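Q: Here it is, the structure, as structure tokens.
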């Protein structure tokens with residue numbers, strides 16, 4: 001990845017790849033989950049919490065990595081599933097089928113007309129796996145095979161450790177391959193089952209930035225299809241980007257080029273217009289967002305409220321029916337029900353050291369280009385005159401005018417121009 005952080009911590013649909021894999025495993029409701037982390041990648045352990053992890057101090061291959069978990073699983077007598085932190089596109093139903101097989105050893109396979117560097121799997125006439133040959137050790141004829149090893153395997157604990165003890169590093173890389181357990185099991189007369197991925201992309205492993213982009217595209221396609229199947233309208237699906245935890249209710253309409261960050265929940269009947277960005281927000285039924293709106297973390301938009309074009313909202317509670325239709329910044333604020341915030345209104349929430357809160361009551365009218373200098377409370381039904389710089393709280397139903405009185409000097413402009421032209425000898 002050419003990166004200062006562990007590969008499995010690179011983000012996909014808003015979350016580290018390893019988080020996707022952890023949640024996938026959790027969906028199977030296993031007795032326990034053990035992470036195996038390479039030395040130097042210990043920071044990935046936080047993404048595995050609350051599950052434990054062990055460290056592989058020497059990178060001697062996949063079989064060696066699984067052996068690192070032996071002590072942690074010494075009292076476990078069930079089925080052991082081995083998955084990888086860089087394969088985030090696996091589906092729970094696929095892994096469930098693999099775990100549910102009766103064979104002592106089972107592996108996940110996929111078919112590909114462009115198998116590239118994957119190991120090749122060879123089955124017997126009964127459909128059981130006979131052996132696996134890694135790409136580096138395969139002959140030209142063997143490399144022409146299209147049945148590939150996805151790397152994911154399931155074992156009965158009663159056979160796993162015995163088989164691993166027999167694995168030798170007799171291969172081009174000098175590593176201990178987990179896949180060698182298939183041939184060793186067959187040598188003992190044990191059956192080795194296989195489960196095929198419904199789609200080859202499930203087995204896709206991320207090894208580079210380019211691979212990460214491919215995985216992102218695949219994940220977004222899934223998320224878009226799931227949203228539409230659940231009753232969401234996407235005007236131009238290919239331009240909408242979701243986080244894996246985005247929750248959209250039925251009858252939400254999303255325009256082109258909308259991006260959802262993490263922790264977004266949108267209730268039914270909401271319209272999200274083009275080029276809007278939402279992260280860490282809740283939008284309630286019937287609200288309208290955008291176009292070109294930015295909703296930042298800690299924001300709630302109430303039912304029927306409007307947040308319009310080029311409006312930025314941060315850590316604010318926008319109550320039902322309120323309208324902030326254009327060119328405003330509302331930060332660290334409360335906006336009461338049915339209040340109207342004019343164009344160019346700014347909550348001045350930061351004094352250079354601390355953030356302060358602005359409270360705006362229900363049915364308040366804030367005129368265009370007003371600056372609200374927090375901390376500040378504007379009472380219910382108050383009116384703020386356009387262009388005001390408000391520094392003191394305003395009582396309910398009051399008018400606040402905080403600007404210089406307008407002065408008109410008749411004929412001043414003509415006389416000023418004539419003077420300038422005379423002084424500068426300009427016609």
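FYI, it's all coordinate maths here, none of it is from the lab. Note that this is a predicted model, so its numbers are computed, not measured. Cβ coordinates were reconstructed from backbone atoms using ideal geometry, including for glycine residues, and neighbour counts include every protein chain displayed.
Q: How much of the pair distance distribution for the stretch 71-119 lies past 14 Å, counting alpha-carbon pairs only, in percent?
A: 64 percent
Q: Could you identify which residue out of 221, 162, 91 has the top mean-square fluctuation in a GNM of the chain using Cα springs shorter than 10 Å?
A: Comparing 221, 162, 91 in the GNM, the peak value goes to 162.
Q: Rank the residues 98, 108, 273 as a footprinting-exposure proxy: fewest other Cβ atoms within 10 Å of their Cβ go first.
A: In increasing order of surrounding Cβ atoms, one gets 273, 98, 108.
Q: Now for a separate question. What order do you get for 405, 338, 144 when you list them from fewest to most C-beta neighbours inside 10 Å?
A: In increasing order of surrounding Cβ atoms, one gets 405, 144, 338.
Q: Over 10 Å intervals from 0, what percent of Cα-Cα pairs in the chain sits in each interval?
A: Histogramming the chain at 10 Å steps yields 4, 17, 20, 16, 13, 11, 8, 4, 3, 1, 0 percent.
Q: Using 1/(1 + (r/R0)^6) with R0 = 41 angstrom and r between the beta carbons of residue 114 and residue 228, what's the FRET efficiency to the nearest 0.05?
A: The value I calculate is 0.90.
Q: Here's a follow-up. What's the exposure ranking of 241, 350, 135, 177, going from fewest to most Cβ atoms within 10 Å?
A: By the 10 Å Cβ count, ascending: 350, 135, 241, 177.
Q: Compute the projected area of the convex hull of the Cα atoms of the stretch 223-400, averaged over all viewing directions, and report it in nm² to one decimal place.
A: 8.8 nm²
Q: Which angle from 0 to 90°, rounded to the nearest 10, does the C-alpha axis of helix 209-229 make with the longest principal axis of the chain?
A: Compared with the principal axis, the helix lies near 70 degrees.
Q: Helix 17-26: angle to the longest alpha-carbon principal axis of the chain, degrees 0 to 90, nearest 10?
A: Roughly 70 degrees, rounded to the nearest 10.
Q: From the Cα gyration tensor of the stretch 7-203, with a ≥ b ≥ c the square roots of its eigenvalues, which class applies: rounded if a/c is under 1.5, or else prolate if a/b is larger than b/c, or else oblate?
A: Rounded.
Q: In a Gaussian network model over the chain where Cα atoms closer than 10 Å are linked, find which of 56, 220, 397 has the largest mean-square fluctuation.
A: The residue with the greatest mean-square fluctuation here is 397.
Q: Which percent, to the nearest 5, of DSSP beta bridges fully inside the chain are antiparallel?
A: Percentage antiparallel, nearest 5: 20.
Q: How would you classify the stretch 140-202 from its alpha-carbon gyration tensor, with a ≥ b ≥ c the square roots of the eigenvalues: rounded for a/c under 1.5, else prolate if a/b is greater than b/c, otherwise oblate?
A: Oblate, because a/c is 1.5 or more while a/b does not exceed b/c.
Q: Another question about this same structure. By DSSP, what percent of the beta bridges with both residues in the stretch 223-400 are antiparallel, rounded to the nearest 5?
A: 0 percent
Q: Taking the Cα centre of each part, how many Å lie between the stretch 297-334 and the stretch 57-112?
A: 47 Å
Q: Additional query: Rank 357, 417, 196 by mean-square fluctuation in a GNM of the chain with C-alpha springs under 10 angstrom and give only the top-ranked residue.
A: Among 357, 417, 196, the largest GNM mean-square fluctuation belongs to 417.
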